[in-house]
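Working notes for the structure below.
Throughout, read-outs are computed from the coordinates displayed, never taken from laboratory work. The structure presented is a predicted model; accordingly, all values stated were derived computationally and were not measured. Cβ coordinates were reconstructed from backbone atoms using ideal geometry, including for glycine residues, and neighbour counts include every protein chain displayed.
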Amino acid sequence: MIGKIYKKLDMLALITVLVSLLSLLSHSYFRGLTVLWLVVGGLFIKRDGYKKIGLELPILIYVITLFVSLLSPLDFKHSYKEIYRQLYGFIAPFMIGQFVIDEKKKVKYIDVLMKGVTIYFFIKTNLMVFKFIPSQFWQRYVALPINPVEFSYIVGVIALYGWVVFLKEENKYRKALNASFFLAILYVILQTKTRGAWLGLSASLAIVYILKNERLVKNILKTILSFLGLGIIVYSFRKNIFIMKYYNRLMSIMNTKNDYSNTSRLIAWKIGVERFKEKPLTGWGYKVKNPYPTGPGGANQVLDHPHNEYVAFLVGGGLIGLVGYLYLMISILIKSIKNKEGIYWLTMVGLVSFTMTYGVVEALFQVTNSLFLFLIMLGVTVQKDKE
């Protein structure tokens with residue numbers, strides 16, 4: 001019986017990866033999938049022995065820093081639930097890293113999956129925009145009934161993958177096809193009106209392009225000129241009815257007095273830093289249900305969620321928690337850059353950059369689907385081909 005399972009194990013691993021990605025990209029993730037990672041990964045370890053993924057130490061240190069926050073939590077119950085959620089998610093890179101999947105099959109099926117989701121998002125978002133059916137979230141158009149911030153992260157992952165595939169493709173016809181899908185997903189993310197995602201994705205796309213080969217100086221100059229040219233074009237046509245709404249939305253990021261989105265964040269960051277100073281080493285603990293107001297008539301913030309990943313870690317885990325997070329992310333980034341010839345490693349360079357830049361205005365790891373999607377992509381990246 002176990003022998004028959006071993007023979008089908010590679011296909012089961014591929015199905016597990018595809019179903020997990022699809023569920024996260026469609027915001028329909030269910031925790032039974034994590035149990036499946038554990039079971040399938042365990043079977044691979046039993047069959048082939050444990051394979052190092054190369055990130056054991058930073059992941060272990062990060063998890064330890066989560067537990068350190070339990071030394072003096074304001075609310076032990078909620079802090080423990082947050083740690084359990086993260087531990088549950090971190091099973092993925094360890095277990096998917098054990099999977100043996102033919103690289104050509106993996107690239108082929110994940111590419112089809114990403115293109116399929118792009119088509120769905122583009123069609124549904126397009127219908128919502130042109131039929132003037134606003135989403136329930138502040139007149140932003142999203143293809144799923146979720147917060148635009150979370151949707152922007154999902155779309156950002158697809159965009160980064162599409163960008164890498166476009167850059168890696170050498171056949172001019174397939175390159176043109178990949179370019180069309182990439183532009184379609186960029187259109188989708190523009191409709192969310194989420195400025196932090198726009199800026200974070202722009203930065204990460206530029207970093208991926210600069211690092212795609214060894215011509216760093218040339219790529220840096222081309223990137224600077226491209227941004228400069230795009231800026232001149234957008235500014236020149238800023239009064240155009242189609243460009244105006246995007247231009248004004250982007251420019252509003254500099255309005256720190258009248259724009260509620262900006263003023264509430266500044267208040268939240270200030271309060272978060274003040275709370276951090278009271279417990280600078282271990283923080284207050286995670287997922288503390290202790291709301292405080294950030295503006296007149298606005299939604300309350302939660303102590304651990306001041307719309308900034310770094311302030312959130314300072315408040316929740318103190319300096320120890322922030323150092324653990326930064327060590328993990330920088331370790332993944334360094335390893336990804338060293339292996340940037342691969343599609344998934346180069347995508348991971350962009351994803352880490354996107355997460356860390358977008359994290360300036362959002363606490364992304366506090367959102368389960370964002371955290372698990374990041375970890376699934378990490379697991380797919382460290383997964384090895386047949387030797």
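Relative contact order, percent, of the chain when contacts are C-alpha pairs under 8 Å separated by at least 6 residues?
With pairs under 8 Å counted, the relative contact order is 26 percent.
Between Leu319, Leu127, Leu351, the Gaussian network model of the chain with springs among Cα atoms under 10 angstrom shows the greatest mean-square fluctuation at Leu127.
Helical content of the chain, expressed as a calculated mean residue ellipticity at 222 nm, amounts to -23500 deg cm²/dmol (DSSP H runs of 4 or more residues, -39,500 (n - 2.57) each, divided by residue number, nearest 500). Over 31 Å apart at the Cα level, from the set Lys7/Lys51; Lys81/Lys106; Lys46/Lys105; Lys52/Lys106; Lys106/Lys175; Lys52/Lys105, are Lys81/Lys106. Per residue, the Cα convex hull of the range 1-92 amounts to 129 Å³. Close amide H contacts of Leu281 (hydrogens built in the peptide plane, cut-off under 5 Å, sequence separation of 5 or more or a different chain): Leu319. What shape does the range 93-222 have by the C-alpha gyration tensor, where a ≥ b ≥ c are the square roots of the eigenvalues, rounded means a/c under 1.5, and otherwise prolate means a/b greater than b/c and oblate the rest? Prolate is the answer for the range 93-222, as a/c is 1.5 or above and a/b outweighs b/c.
Take the alpha carbon gyration tensor of the chain, find the square roots of its eigenvalues, order them as a ≥ b ≥ c, and report rounded if a/c is under 1.5; if not, report prolate when a/b exceeds b/c, else oblate. Oblate, since a/c reaches 1.5 and b/c is not below a/b. Summary: within the chain, the longest segment free of chymotrypsin sites (Phe, Trp or Tyr not before Pro) located in DSSP loops with at most 13 other C-beta atoms within 10 Å is 238-387.
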